[in-house]
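Comments concern the structure below.
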Amino acid sequence: MGESSTAMKALAKELKDCKDSPIEGFTVDASEDNLFHWNVGIYGPPCTIYQGGYFKASITFPSNYPFAPPSVRFLTQLFHPNVYENGDLCISILHPPIDDPMSGELPCERWNPTQNVRTVLLSVIALLNEPNISSPANVDASVSYRKWKAGECSDYETTVKKQVEESKKEAEKEGIYVPTTVEEYCIKQAVVPMDDEDFDFDYDDVESDGEEETEGEDEEDDDDSD
């Protein structure tokens, strides 16, 4: 099986998993004609400056996925220390697992084949609230973020909230409902009923095994008494 076939098989499974068990804060979709390109909708987490926002992004997968990382690009304008001006996301989990002392990243922080779309998207949400400002992709956003966190200036918050308001217009145009409360945002996973075969336990066998074990213990006791 070639690399491309392996990647397509892995992506088809991941897409199904994401639809069967939705990821909190995201919508994902892809065309069966091109599984190497996914469309993502990211909901701004409640109780943050991103609350109510709807940020569109794309994920592009290489032909040798999952042995190489995908790339993520924001299609909605986002002022963030780890997002380049063209929308490309810079995050450790999307970097190849090579030893690069100059990057300041450990190999274990980078991509490995055990990662998947779910772990990538959850990392994106974490990065929204806790940017990596030690090696920013957008220096201006990083400086603005530092000043905002230090209470020196509110420009960062003002810019992000303005972008959130713009993204709401896009969501409304597409008929997308964006959750704004924690209750709406948090997905309650449905309990999957177990098949009868999962509960196919032969209690007669258990009882007979128990009787045989008891008989064996009785014989040992008789031998000891002799």
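The values are calculated or read from the model by the stated rules, or taken from the named source; none is laboratory data. Please read these numbers as outputs of a predicted model, since none were measured by experiment. Using ideal geometry, Cβ is built from the backbone for each residue, glycine included, and neighbour counts are taken over all protein chains shown. In case anyone asks, the SASA skips ligands and DNA or RNA and just uses the protein heavy atoms, side chains included. Shrake-Rupley method; radii C 1.70, N 1.55, O 1.52, S 1.80 Å.
Conditions tested, residue by residue: (1) of a type in the set (Gly, Ala, Ser); (2) at pLDDT below 95; (3) closer than 26 Å to Thr27 by Cα.
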{"site": "Pro136", "(1), (2), (3)": "no, yes, no"}
{"site": "Ser144", "(1), (2), (3)": "yes, no, no"}
{"site": "Cys186", "(1), (2), (3)": "no, yes, yes"}
{"site": "Asp202", "(1), (2), (3)": "no, yes, no"}
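Within segment 118-134, track down each residue that is among the polar types (S, T, N, Q) and open to solvent by 50 Å² or more (accessible area, probe 1.4 Å).
Hits for segment 118-134 are Asn129, Asn132, Ser134.
Can you say whether Lys161 is touching a residue at least 60 places away in the same chain (Cβ under 8 Å), over 19 Å from Cys90 (Cα atoms) and either over 25 Å from the mean Cα position of the chain (by Cα) or open to solvent by 60 Å² or more (accessible area, probe 1.4 Å) (or both), as far as the supplied structure shows?
For Lys161, the condition - touching a residue at least 60 places away in the same chain (Cβ under 8 Å), over 19 Å from Cys90 (Cα atoms) and either over 25 Å from the mean Cα position of the chain (by Cα) or open to solvent by 60 Å² or more (accessible area, probe 1.4 Å) (or both) - is met.
Out of Pro113, Pro97, report the one residue that is at pLDDT below 95, touching a Cys at 6+ places or on another chain (Cβ under 9 Å), farther than 30 Å from Glu172 by Cβ and not in a strand (DSSP E or B). Don't jump to the end; show me each part of the working.
On the way: Pro113 fails: touching a Cys at 6+ places or on another chain (Cβ under 9 Å).
Going through Pro113, Pro97 in turn, just one is at pLDDT below 95, touching a Cys at 6+ places or on another chain (Cβ under 9 Å), farther than 30 Å from Glu172 by Cβ and not in a strand (DSSP E or B): Pro97.
Applying the selection to segment 128-149, what residues are in a helix (DSSP H, G or I) and aliphatic (A, V, I, L, M)? I'd like the intermediate steps shown before the answer.
The initial filter retains those residues of segment 128-149 that are in a helix (DSSP H, G or I), namely 128-129, 139-149.
Across segment 128-149, the qualifying residues are Leu128, Val139, Ala141, Val143.
If Met102 satisfies every condition in (1) within 19 Å of the chain's Cα centre (by Cα); (2) modelled with pLDDT under 95 but one, which is the exception?
(1)
Anything in segment 163-190 that is more than 18 Å from Ala57 (Cα to Cα), charged (D, E, K, R) and in a helix (DSSP H, G or I)? List them, or say none.
Answer for segment 163-190, where residues must be more than 18 Å from Ala57 (Cα to Cα), charged (D, E, K, R) and in a helix (DSSP H, G or I): Glu183, Glu184.
With the requirement that a residue be among the hydrophobic types (A, V, I, L, M, F, W, C) and not in a strand (DSSP E or B), what does segment 72-94 give you?
Passing the criteria: Leu75, Leu78, Phe79, Cys90, Ile91, Ile93, Leu94.
Any idea which of (1) aromatic (Phe, Trp, Tyr); (2) buried (at least 19 other Cβ atoms within 10 Å of the Cβ); (3) touching a helix residue (DSSP H, G or I) at 6+ places or on another chain (Cβ under 9 Å) is the one Phe74 doesn't satisfy?
Only one criterion in (1) aromatic (Phe, Trp, Tyr); (2) buried (at least 19 other Cβ atoms within 10 Å of the Cβ); (3) touching a helix residue (DSSP H, G or I) at 6+ places or on another chain (Cβ under 9 Å) is unmet by Phe74, namely (3).
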